[in-house]
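> Starting off with a structure, shown below.
The values are calculated or read from the model by the stated rules, or taken from the named source; none is laboratory data. Because the structure is a prediction, the values reported are computed rather than measured. Note: accessible area is taken over every heavy atom of the protein model, side chains too, but ligands, DNA and RNA are not part of it. Shrake-Rupley method; radii C 1.70, N 1.55, O 1.52, S 1.80 Å.
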Amino acid sequence: MWREVSPFKLKTTSALLCTSSIQGDSICNGTHSSKKALLSDPQLFEAQFDELVTELSERDLSDPALADALSRLREVLVYNSPGGKRNRGLSVIGSLRELLPPTELTQETVQRALVVGWCIELLQAFFLVADDMMDGSVTRRGQPCWYKKDGIGLDAINDSFLLEATIYRLLRRHCREQPYYVHLLELFTETTFQTELGQALDLMTAPLVAASMYMAGIESEEEHNNAKHILLEMGEFFQIQDDYLDCYGDPAVTGKIGTDIQDNKCSWLVVTALEIMTAEQRAELEACYAQHDDACVEQVKALFNTLQMPALYHKYEEESYQRLQKLIACHAQNLPHSVFLNFAKKIYKRNK
(Lines give C-alpha, C1' and ligand atoms only; values in the text may rest on other atoms or scores of the structure.)
Protein backbone atom coordinates (compact mmCIF):
# COMPACT_ATOMS: atom_id res chain seq x y z
CA MET A 1 0.00 0.00 0.00
CA TRP A 2 2.80 2.41 0.82
CA ARG A 3 4.98 1.89 -2.25
CA GLU A 4 5.37 4.89 -4.52
CA VAL A 5 7.83 4.95 -7.40
CA SER A 6 7.98 8.20 -9.32
CA PRO A 7 10.40 9.00 -12.21
CA PHE A 8 10.30 12.26 -11.23
CA LYS A 9 11.56 23.97 -13.88
CA LEU A 10 23.80 35.26 -27.36
CA LYS A 11 23.91 38.88 -27.04
CA THR A 12 25.81 40.42 -24.15
CA THR A 13 23.94 43.16 -22.34
CA SER A 14 25.62 46.14 -20.77
CA ALA A 15 23.88 45.30 -17.50
CA LEU A 16 26.46 42.57 -16.95
CA LEU A 17 29.29 45.07 -16.71
CA CYS A 18 28.68 45.55 -13.01
CA THR A 19 26.63 43.24 -10.87
CA SER A 20 25.57 42.78 -7.31
CA SER A 21 25.41 39.68 -5.19
CA ILE A 22 22.29 37.76 -4.26
CA GLN A 23 22.37 39.52 -0.91
CA GLY A 24 22.38 42.89 -2.70
CA ASP A 25 26.02 43.92 -2.16
CA SER A 26 27.58 45.62 -5.19
CA ILE A 27 30.31 43.61 -6.89
CA CYS A 28 32.08 44.90 -9.99
CA ASN A 29 33.93 42.60 -12.38
CA GLY A 30 36.71 44.91 -13.47
CA THR A 31 34.96 46.39 -16.51
CA HIS A 32 32.67 48.70 -14.57
CA SER A 33 31.71 52.04 -16.00
CA SER A 34 30.35 54.58 -13.56
CA LYS A 35 27.61 55.36 -16.08
CA LYS A 36 26.23 51.81 -15.97
CA ALA A 37 23.39 51.15 -13.59
CA LEU A 38 23.90 48.49 -10.94
CA LEU A 39 21.65 45.48 -11.20
CA SER A 40 21.14 42.80 -8.58
CA ASP A 41 21.67 39.15 -9.42
CA PRO A 42 17.89 38.52 -9.52
CA GLN A 43 17.53 41.40 -12.03
CA LEU A 44 20.37 40.05 -14.14
CA PHE A 45 18.85 36.58 -13.96
CA GLU A 46 15.47 37.81 -15.20
CA ALA A 47 17.07 39.75 -18.05
CA GLN A 48 19.07 36.68 -19.05
CA PHE A 49 15.89 34.61 -19.33
CA ASP A 50 14.40 37.04 -21.84
CA GLU A 51 17.61 36.79 -23.86
CA LEU A 52 17.59 32.99 -23.80
CA VAL A 53 13.95 32.75 -24.87
CA THR A 54 14.66 35.05 -27.81
CA GLU A 55 17.79 33.08 -28.67
CA LEU A 56 15.99 29.73 -28.63
CA SER A 57 12.77 30.76 -30.34
CA GLU A 58 13.89 33.46 -32.78
CA ARG A 59 17.63 33.46 -33.47
CA ASP A 60 18.51 29.78 -33.20
CA LEU A 61 16.58 28.41 -36.19
CA SER A 62 15.31 30.47 -39.11
CA ASP A 63 13.49 27.89 -41.25
CA PRO A 64 9.98 29.32 -41.91
CA ALA A 65 8.57 25.79 -41.72
CA LEU A 66 9.46 25.77 -38.02
CA ALA A 67 7.63 28.99 -37.16
CA ASP A 68 4.71 27.30 -35.41
CA ALA A 69 6.96 24.89 -33.52
CA LEU A 70 9.21 27.73 -32.33
CA SER A 71 6.18 29.75 -31.27
CA ARG A 72 5.07 26.75 -29.18
CA LEU A 73 8.57 26.49 -27.70
CA ARG A 74 8.41 30.13 -26.60
CA GLU A 75 5.01 29.54 -25.00
CA VAL A 76 6.29 26.44 -23.17
CA LEU A 77 9.38 28.27 -21.88
CA VAL A 78 7.54 31.40 -20.72
CA TYR A 79 4.75 29.49 -18.95
CA ASN A 80 6.80 26.80 -17.20
CA SER A 81 10.26 28.20 -16.48
CA PRO A 82 9.75 31.43 -14.47
CA GLY A 83 7.40 31.82 -11.54
CA GLY A 84 9.24 29.75 -8.95
CA LYS A 85 11.50 30.90 -6.15
CA ARG A 86 14.51 30.77 -8.54
CA ASN A 87 16.75 29.67 -5.66
CA ARG A 88 18.27 26.94 -7.80
CA GLY A 89 19.31 29.12 -10.68
CA LEU A 90 20.38 32.12 -8.61
CA SER A 91 22.54 29.93 -6.39
CA VAL A 92 24.89 29.18 -9.30
CA ILE A 93 26.03 32.78 -9.58
CA GLY A 94 25.74 33.22 -5.80
CA SER A 95 28.01 30.25 -5.13
CA LEU A 96 30.45 31.29 -7.84
CA ARG A 97 30.83 34.67 -6.14
CA GLU A 98 31.88 32.83 -2.98
CA LEU A 99 34.33 30.60 -4.83
CA LEU A 100 36.06 33.17 -7.06
CA PRO A 101 37.63 36.52 -6.20
CA PRO A 102 35.86 39.52 -7.78
CA THR A 103 38.78 40.09 -10.15
CA GLU A 104 38.05 36.74 -11.84
CA LEU A 105 34.33 37.41 -12.23
CA THR A 106 34.52 38.75 -15.75
CA GLN A 107 31.50 39.80 -17.74
CA GLU A 108 31.63 36.51 -19.69
CA THR A 109 31.98 34.42 -16.51
CA VAL A 110 28.94 36.06 -14.93
CA GLN A 111 26.91 35.56 -18.09
CA ARG A 112 27.81 31.87 -18.33
CA ALA A 113 26.86 31.39 -14.68
CA LEU A 114 23.46 32.96 -15.37
CA VAL A 115 22.97 30.63 -18.35
CA VAL A 116 23.91 27.55 -16.33
CA GLY A 117 21.55 28.74 -13.62
CA TRP A 118 18.71 28.86 -16.12
CA CYS A 119 19.64 25.39 -17.36
CA ILE A 120 19.05 24.12 -13.85
CA GLU A 121 15.70 25.92 -13.74
CA LEU A 122 14.81 24.35 -17.11
CA LEU A 123 15.69 20.91 -15.78
CA GLN A 124 13.39 21.49 -12.84
CA ALA A 125 10.65 22.70 -15.19
CA PHE A 126 11.05 19.53 -17.28
CA PHE A 127 10.60 17.37 -14.19
CA LEU A 128 7.62 19.36 -12.92
CA VAL A 129 5.67 19.30 -16.19
CA ALA A 130 6.04 15.52 -16.33
CA ASP A 131 5.47 15.02 -12.60
CA ASP A 132 2.25 17.04 -12.62
CA MET A 133 0.81 14.79 -15.33
CA MET A 134 1.75 11.61 -13.47
CA ASP A 135 0.35 12.89 -10.18
CA GLY A 136 -2.77 14.39 -11.71
CA SER A 137 -1.92 17.72 -10.05
CA VAL A 138 -4.15 20.73 -10.59
CA THR A 139 -2.00 23.80 -9.89
CA ARG A 140 1.67 24.64 -9.98
CA ARG A 141 3.23 27.94 -8.91
CA GLY A 142 -0.15 29.55 -8.47
CA GLN A 143 -1.50 28.73 -11.93
CA PRO A 144 -3.01 25.69 -13.68
CA CYS A 145 -0.53 22.93 -14.45
CA TRP A 146 0.64 23.13 -18.07
CA TYR A 147 -1.19 19.96 -19.14
CA LYS A 148 -4.42 21.36 -17.61
CA LYS A 149 -4.49 24.35 -19.96
CA ASP A 150 -7.05 24.24 -22.75
CA GLY A 151 -5.69 22.54 -25.82
CA ILE A 152 -2.57 21.11 -24.14
CA GLY A 153 -3.42 17.77 -22.50
CA LEU A 154 -1.04 14.94 -23.36
CA ASP A 155 0.89 17.19 -25.75
CA ALA A 156 2.59 18.33 -22.55
CA ILE A 157 4.66 15.14 -22.76
CA ASN A 158 6.47 16.43 -25.83
CA ASP A 159 6.64 19.89 -24.30
CA SER A 160 8.54 18.45 -21.33
CA PHE A 161 11.02 16.95 -23.79
CA LEU A 162 11.43 20.38 -25.37
CA LEU A 163 12.33 21.86 -21.99
CA GLU A 164 14.98 19.19 -21.48
CA ALA A 165 16.41 19.60 -24.98
CA THR A 166 16.90 23.35 -24.56
CA ILE A 167 19.31 22.66 -21.68
CA TYR A 168 21.88 20.95 -23.86
CA ARG A 169 21.41 23.41 -26.70
CA LEU A 170 22.25 26.27 -24.33
CA LEU A 171 25.18 24.47 -22.70
CA ARG A 172 26.66 23.67 -26.11
CA ARG A 173 26.34 27.23 -27.33
CA HIS A 174 27.59 29.00 -24.21
CA CYS A 175 29.99 26.56 -22.53
CA ARG A 176 31.37 24.26 -25.24
CA GLU A 177 34.76 25.96 -25.26
CA GLN A 178 35.12 25.89 -21.49
CA PRO A 179 37.25 23.25 -19.72
CA TYR A 180 34.32 22.30 -17.49
CA TYR A 181 31.88 21.61 -20.37
CA VAL A 182 32.03 17.82 -20.13
CA HIS A 183 31.66 18.02 -16.35
CA LEU A 184 28.45 20.02 -16.79
CA LEU A 185 27.07 17.53 -19.32
CA GLU A 186 27.80 14.63 -16.99
CA LEU A 187 26.28 16.51 -14.07
CA PHE A 188 22.99 17.20 -15.88
CA THR A 189 22.65 13.74 -17.40
CA GLU A 190 23.46 11.97 -14.11
CA THR A 191 21.04 14.15 -12.17
CA THR A 192 18.32 13.40 -14.73
CA PHE A 193 19.00 9.66 -14.54
CA GLN A 194 19.00 9.56 -10.75
CA THR A 195 15.83 11.65 -10.51
CA GLU A 196 14.03 9.47 -13.04
CA LEU A 197 15.02 6.43 -10.97
CA GLY A 198 13.20 8.06 -8.09
CA GLN A 199 16.30 8.60 -5.98
CA ALA A 200 15.21 12.13 -5.06
CA LEU A 201 18.56 13.80 -5.67
CA ASP A 202 17.21 17.25 -5.05
CA LEU A 203 18.01 19.94 -7.59
CA MET A 204 18.25 22.57 -4.90
CA THR A 205 21.65 21.50 -3.73
CA ALA A 206 24.17 19.06 -5.18
CA PRO A 207 24.01 19.75 -8.95
CA LEU A 208 24.14 23.55 -8.78
CA VAL A 209 26.98 23.64 -6.21
CA ALA A 210 28.90 21.12 -8.28
CA ALA A 211 28.32 23.28 -11.37
CA SER A 212 29.66 26.35 -9.55
CA MET A 213 32.68 24.42 -8.33
CA TYR A 214 33.54 23.21 -11.83
CA MET A 215 33.10 26.71 -13.21
CA ALA A 216 35.48 27.97 -10.51
CA GLY A 217 38.07 25.40 -11.62
CA ILE A 218 37.59 23.07 -8.62
CA GLU A 219 37.79 19.56 -10.10
CA SER A 220 39.20 17.63 -7.14
CA GLU A 221 37.11 14.51 -6.52
CA GLU A 222 37.84 14.85 -2.81
CA GLU A 223 36.43 18.39 -2.65
CA HIS A 224 33.33 17.39 -4.61
CA ASN A 225 32.79 14.43 -2.28
CA ASN A 226 33.19 16.73 0.73
CA ALA A 227 30.52 19.03 -0.69
CA LYS A 228 28.29 16.05 -1.41
CA HIS A 229 28.40 14.92 2.24
CA ILE A 230 26.96 18.28 3.25
CA LEU A 231 24.48 18.64 0.41
CA LEU A 232 22.93 15.19 0.78
CA GLU A 233 21.87 16.12 4.30
CA MET A 234 20.41 19.35 2.97
CA GLY A 235 18.72 17.63 0.04
CA GLU A 236 17.13 15.01 2.28
CA PHE A 237 15.72 17.70 4.52
CA PHE A 238 14.44 19.66 1.50
CA GLN A 239 12.49 16.59 0.33
CA ILE A 240 11.05 16.01 3.81
CA GLN A 241 10.15 19.68 3.95
CA ASP A 242 8.27 19.31 0.66
CA ASP A 243 6.37 16.36 2.13
CA TYR A 244 5.40 18.45 5.16
CA LEU A 245 4.34 21.46 3.09
CA ASP A 246 2.24 19.25 0.83
CA CYS A 247 0.01 18.57 3.84
CA TYR A 248 0.45 21.65 6.02
CA GLY A 249 1.44 24.38 3.56
CA ASP A 250 -0.93 27.15 2.57
CA PRO A 251 -1.80 26.76 -1.15
CA ALA A 252 -2.01 30.54 -1.41
CA VAL A 253 1.68 30.63 -0.41
CA THR A 254 3.03 27.40 -1.93
CA GLY A 255 1.19 27.90 -5.22
CA LYS A 256 -0.03 24.30 -5.37
CA ILE A 257 -2.64 22.06 -3.78
CA GLY A 258 -1.09 19.09 -1.99
CA THR A 259 -2.18 15.64 -3.16
CA ASP A 260 0.26 13.26 -1.42
CA ILE A 261 -2.48 11.71 0.74
CA GLN A 262 -4.81 11.07 -2.20
CA ASP A 263 -1.94 9.83 -4.39
CA ASN A 264 -0.72 7.24 -1.88
CA LYS A 265 2.70 8.88 -1.62
CA CYS A 266 5.27 7.31 0.67
CA SER A 267 5.97 10.66 2.34
CA TRP A 268 7.90 11.43 5.50
CA LEU A 269 4.65 12.18 7.30
CA VAL A 270 3.03 8.81 6.71
CA VAL A 271 6.24 6.83 7.23
CA THR A 272 6.91 8.58 10.55
CA ALA A 273 3.27 8.24 11.59
CA LEU A 274 3.33 4.48 10.93
CA GLU A 275 6.26 4.15 13.32
CA ILE A 276 4.37 5.63 16.28
CA MET A 277 0.65 4.93 15.78
CA THR A 278 -1.47 2.30 17.48
CA ALA A 279 -3.08 -0.65 15.70
CA GLU A 280 -6.43 1.14 15.77
CA GLN A 281 -4.93 4.28 14.27
CA ARG A 282 -3.23 2.21 11.56
CA ALA A 283 -6.56 0.64 10.63
CA GLU A 284 -8.06 4.14 10.35
CA LEU A 285 -5.14 5.28 8.19
CA GLU A 286 -5.39 2.28 5.88
CA ALA A 287 -9.11 2.92 5.40
CA CYS A 288 -8.61 6.58 4.44
CA TYR A 289 -5.16 6.91 2.86
CA ALA A 290 -4.95 6.92 -0.97
CA GLN A 291 -8.65 7.82 -1.28
CA HIS A 292 -9.73 10.66 -3.55
CA ASP A 293 -12.35 11.76 -1.08
CA ASP A 294 -12.24 15.04 0.83
CA ALA A 295 -13.61 13.49 4.01
CA CYS A 296 -10.91 10.81 3.97
CA VAL A 297 -8.19 13.39 3.39
CA GLU A 298 -9.40 15.44 6.35
CA GLN A 299 -9.53 12.30 8.50
CA VAL A 300 -5.90 11.51 7.67
CA LYS A 301 -4.87 15.09 8.49
CA ALA A 302 -6.76 14.89 11.79
CA LEU A 303 -4.88 11.67 12.57
CA PHE A 304 -1.57 13.38 11.79
CA ASN A 305 -2.52 16.18 14.18
CA THR A 306 -3.41 13.69 16.89
CA LEU A 307 0.05 12.16 16.47
CA GLN A 308 1.56 15.68 16.76
CA MET A 309 3.26 15.46 13.39
CA PRO A 310 3.91 19.24 13.14
CA ALA A 311 5.85 19.14 16.43
CA LEU A 312 7.81 16.08 15.29
CA TYR A 313 8.64 17.80 12.02
CA HIS A 314 9.94 20.95 13.70
CA LYS A 315 12.05 18.77 16.02
CA TYR A 316 13.48 17.00 12.98
CA GLU A 317 14.15 20.35 11.31
CA GLU A 318 16.21 21.58 14.26
CA GLU A 319 18.14 18.30 14.49
CA SER A 320 18.86 18.38 10.76
CA TYR A 321 20.19 21.94 11.02
CA GLN A 322 22.53 20.91 13.84
CA ARG A 323 23.80 17.95 11.80
CA LEU A 324 24.39 20.29 8.90
CA GLN A 325 26.53 22.63 11.02
CA LYS A 326 28.71 19.69 12.08
CA LEU A 327 29.05 18.46 8.50
CA ILE A 328 30.13 21.90 7.31
CA ALA A 329 32.76 22.11 10.06
CA CYS A 330 34.03 18.62 9.18
CA HIS A 331 33.91 18.58 5.38
CA ALA A 332 34.19 22.21 4.23
CA GLN A 333 37.68 22.89 5.54
CA ASN A 334 38.91 23.98 2.07
CA LEU A 335 35.63 25.46 0.83
CA PRO A 336 33.92 28.69 1.89
CA HIS A 337 31.37 27.88 4.58
CA SER A 338 29.19 30.66 3.17
CA VAL A 339 28.43 28.53 0.07
CA PHE A 340 26.54 26.06 2.25
CA LEU A 341 25.22 28.50 4.84
CA ASN A 342 23.57 30.54 2.08
CA PHE A 343 21.66 27.43 1.03
CA ALA A 344 20.64 26.73 4.60
CA LYS A 345 19.20 30.23 4.96
CA LYS A 346 17.04 29.68 1.88
CA ILE A 347 15.52 26.35 2.82
CA TYR A 348 15.31 26.10 6.60
CA LYS A 349 12.05 27.50 7.98
CA ARG A 350 10.73 28.07 4.45
CA ASN A 351 6.96 28.01 3.90
CA LYS A 352 6.83 27.43 0.14
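> Any idea of the accessible area per residue across the chain, 1.4 Å probe, to the nearest Å²?
47 Å²
> Probe 1.4 Å, all protein chains in place: accessible area of D68 in Å², nearest 10?
Counting only protein heavy atoms, D68 exposes about 130 Å² to solvent.
> Solvent-accessible area of H229, probe 1.4 Å, all protein chains present, reported in Å² to the nearest ten, please.
Accessible area of H229: about 100 Å².
> Using just the helices of the chain, give the 222 nm mean residue ellipticity in deg cm²/dmol: DSSP H runs with n ≥ 4 each add -39,500 (n - 2.57), and the total is spread over all residues, rounded to 500.
Working: 14 runs with 214 residues, N = 352.
When only DSSP H runs of four or more count, the value is -20000 deg cm²/dmol.
> The list [x] 68, 48, 40; [y] 69, 55, 35; [z] 55, 53, 49 gives values of Cα extents along the principal axes in Å, and only one came from this structure; which label was calculated from it?
Label of the calculated value: [y].
> Once you order the gyration tensor axes a ≥ b ≥ c over the Cα atoms, which shape class does the range 106-246 get: rounded for a/c under 1.5, otherwise prolate or oblate by comparing a/b with b/c? Before the final figure, lay out the partial values.
Numbers: a/c = 2.33, a/b = 1.41, b/c = 1.65.
Oblate shape, in that a/c is at least 1.5 and b/c is the bigger or equal ratio.
> For the range 258-334, taking Cα atoms only, what is the radius of gyration to one decimal and the Dmax to the nearest whole Å?
16.3, 54
> Also, quick follow-up: Can you classify the range 34-151 as rounded, prolate or oblate using the Cα gyration tensor, where a ≥ b ≥ c are the square roots of its eigenvalues, rounded means a/c under 1.5, and otherwise it's prolate if a/b beats b/c and oblate if not? List each step's numbers first, then the result.
Working: a/c = 2.53, a/b = 1.51, b/c = 1.68.
Cα axes put the range 34-151 in the oblate bin.
> Right, here's the next one. Among the listed pairs K256/K326; K228/K301; K256/K345, give every one whose C-alpha distance is greater than 32 Å.
Violating the 32 Å limit, Cα to Cα: K256/K326; K228/K301.
> Using only the alpha-carbon atoms of the range 31-102 as identical scatterers, what base-10 log of I(q)/I(0) does the Debye formula give at q = 0.14, 0.15 Å⁻¹?
The calculated log intensity ratios at q = 0.14, 0.15 Å⁻¹ are -0.62, -0.69.
> Hey, another quick one. Of the heavy-atom accessible surface of the chain (probe 1.4 angstrom), what whole percent is carbon and sulfur?
Numbers: 8460 of 16550 Å².
Carbon-and-sulfur percentage of accessible area, whole number: 51.
> Right, here's the next one. How high is the relative contact order of the range 167-306? Use alpha-carbon pairs under 8 Å, at least six apart in sequence, and give a whole percent.
About 16 percent, as a whole number.
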